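Heads up, the thing below is written out as structure tokens.
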Amino acid sequence: MSQFRYAIRQGFLGRAFAVLGAAGAAAAAVEGNRRPRDRDLKTLGIDPMSFPK
């Protein structure tokens, strides 16, 4: 069962949940007039240095 959990976390489903979570966090930050976390931007494939402050 451990191998199955690892496969989910590192596989497609884990990546999908990570992207959805990062997208939600980044959207909430932008709506609140804050800068999203670098980690969320990197997960979404956005260079944090190119994102305006």
Report the net charge of residues surrounding GLY45, where surrounding means a beta-carbon distance below 14 angstrom and charges are Lys +1, Arg +1, Asp -1, Glu -1. 0
For segment 26-33, Karplus-derived ³J(HN,Hα) couplings (6.51, -1.76, 1.60; θ = phi - 60°; whole Hz; x for glycine and proline) come out as 5, 5, 5, 5, 5, 5, x, 6
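Can you give the net charge of the other residues whose Cβ lies under 13 Å from the Cβ of ALA25, counting K and R as +1 and D and E as -1? Don't skip to the answer; put the middle values down first.
Numbers: positive: ARG34, ARG35, ARG37, ARG39, LYS42; negative: GLU31, ASP38, ASP40.
After counting each charged neighbour, the total is +2.
Taken together, the values in this text are just the output of simple stated rules run on the coordinates, not laboratory data. All figures in this text were calculated on a predicted structure; none of them were measured in a lab. Note that we place each Cβ from the backbone using ideal geometry, even for glycine, and neighbour counts take in every protein chain shown.
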